[in-house]
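The values are calculated or read from the model by the stated rules, or taken from the named source; none is laboratory data. Not measured: the values here are computed from a predicted model. Reconstructed Cβ throughout: ideal geometry from the backbone, glycine too, with neighbour counts over all protein chains shown. Keep in mind that these areas ignore ligands, DNA and RNA; they rest on the heavy atoms of the full protein, side chains included. Shrake-Rupley method; radii C 1.70, N 1.55, O 1.52, S 1.80 Å.
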Amino acid sequence: MELDALTAISPIDGRYRNKTAQLADYFSEYALIRYRVRVEIEYFITLCELPLPQLADFSHHLFEPLRDIYRNFTEADAARVKEIEKTTNHDVKAVEYFIKDKIDALAGFPAEAKEFIHFGLTSQDINNTSVPLSIKEALEQVYCPLVEELIEQLHDYAEQWKHIPMLAKTHGQPASPTRLGKEVMVYVYRLEEQLRSLKDTPITAKFGGATGNYNAHHVAYPQYDWRDFGNQFVSEKLGLEREQWTTQISNYDWLGAIFDAMRRINTIIIDLDRDFWMYISMEYFKQKIKAGEVGSSAMPHKVNPIDFENSEGNLGIANAVLQFLAQKLPVSRLQRDLTDSTVLRNVGVPMGHVLIAVQSTLKGLRKLILNEEKLQEDLDNTWAVVAEAIQTILRREAYPHPYEALKALTRTNQKMTKETIHAFIQQLEVSDEVKEELMAITPMNYTGM
């Protein structure tokens, strides 16, 4: 059976491939190999720029042709690396041999310089820079722009609906009225804050030789400060931060922080999905109907809020994987074990589910039709919510036991109406001016700042 969208085991590469395909440039096997090639070549160039004595005369005009090896990296190139790996049984060593084969075709490349490809490195110097680099660029180029698109859509709605009064519900019960735009703005604020936190979290890399001490580098060239070299290489060539003290592998602490930051954002979107699902069930929103779509195989009338449900489900899966990644990766036996290797290959999985989810949330939001009549109806039917306003003004006026008076009025099975509230106000022993002030309060205008 050939692999395609219908035969893929994961829905990320199957049913939802059209929503996640762009992640293949960052998290596929092809992408991982390309990132490895990129790190190896940039490292070699940095050795030339140091320069090492044996590379001092290396022609700088070869730098760009070298970079073209990863810039123009193809699926056929990746397949060639996999073919080499069948012999080496080591994926990073296969990359080294692939680059050396490519170098043979570069005119003017000195043969003695070939052995400075992967000089002094262990495979984790390549993996623990390649994977963080792929995550960094996926966040910058795919994830953050999509979350920002969601924030922008919510901000547009917050502006559109900023004057729409709405009955609030706390504990599922009627509470002091609010405004629809303000409630949407809560999500804008939360997402902006957590996205800023994510962007401020450093993305770090391990780069320090076999067990993190630059043993091979130091024994060959003790005159160089290899830690300073590594710091500059990781920062200037890769745009990452080098972890200063490591074993053979990354500490993964900051990568765990990245995953936790993403999880917080996902949790906020789950909260948003559930709220809008509830608003639809309360008929505060209707949904745009698309010709030909079916809401139920049995009930023809149904238009279900499936986009918010799809989003919630995918975010739940994403958060489960992100939590596992954040908890597992920082734990490794002694100077390393291999568990991080297979786990790291799954960092694109939660990202894929997030992409599916946010696109679904956006689709759901863009199908909404505001039902102002229903919001107005709920406010008209819940005059008890002005009790807070009345008792607060009575407190201001030093009226005796105002909270208790309103409690006795409203905590009964009697329905509170405009007439009930106004009759209560009229019997109060306060000035006419205060009564007039109280009579002006309605569920529609008692919405705060």
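Structural remarks
- Estimated vicinal HN-Hα couplings, Hz - the stretch 199-208 in sequence order (Karplus 6.51, -1.76, 1.60; Gly, Pro = x): 5, 7, 7, x, 9, 10, 9, 8, 7, x
- Sorting the segments 419-428, 102-111, 182-191 by their residues' average number of neighbouring beta-carbon atoms within 10 angstrom, most packed first, yields 182-191, 419-428, 102-111.
- Residues whose placed amide H lies under 5 Å from that of residue 367, excluding near-sequence neighbours: none
- Amide H to amide H, with H built 1.01 Å from N, residue 166 comes under 5 Å of 178, 179, 180, counting only residues 5 or more places away or on other chains.
- Residues of type lysines that residue 363 reaches as a straight line, Cα spacing below 28 Å, ignoring anything fewer than 8 places off in the same chain: 19, 136, 162, 169, 182, 199, 286, 288, 290, 302, 374
- Surface accessible to a 1.4 Å probe, per residue, for the residues of the chain, Å²: 50 Å²
- Lysines with Cα under 16 Å of residue 407, excluding same-chain neighbours fewer than 8 positions away: 415
- Across the stretch 424-434, rounded Karplus estimates of 3J(HN,Hα) from the backbone phi angles (6.51 cos²θ - 1.76 cosθ + 1.60, θ = phi - 60°) give 4, 4, 5, 8, 6, 8, 9, 5, 4, 4, 5 Hz, Gly and Pro being marked x.
- Accessible-area value, residue 289, 1.4 Å probe, nucleic acids and ligands omitted, Å²: 140 Å²
- Separation of the stretch 27-75 from the stretch 365-399 is 65 Å, based on Cα centroids.
- With every protein chain in place, the stretch 168-234: carbon and sulfur % of accessible area (1.4 Å): 49 percent
- Protection proxy ranking of 85-95, 310-320, 353-363 - average other beta-carbon atoms within 10 Å, highest first: 353-363, 310-320, 85-95
- With respect to the chain, whose longest principal axis is taken over its alpha-carbon atoms, helix 91-103 is tilted by about 60°.
- On Cα atoms only, tilt of 144-160 relative to the major axis of the chain in degrees: 20 degrees
- Of 338, 139, 240, the residue with the greatest mean-square motion in the GNM of the chain, using alpha carbon springs below 10 Å, is 338.
- Of the peptides 273-280, 143-150, 1-8, 250-257, the order by per-residue mean of other Cβ atoms within 10 Å, starting with the highest, comes out as 250-257, 273-280, 143-150, 1-8.
- Which of 303, 142 is most accessible, then next, and so on - probe 1.4 Å: 303, 142
- Positive minus negative residues near residue 428 (Lys, Arg vs Asp, Glu; Cβ under 10 Å): -1
- Backbone geometry of the stretch 42-58 corresponds, through the Karplus equation with coefficients 6.51, -1.76 and 1.60 at θ = phi - 60°, to 3J(HN,Hα) couplings of 5, 5, 4, 4, 5, 4, 5, 7, 4, x, 5, x, 6, 10, 4, 9, 5 Hz, x marking Gly and Pro.
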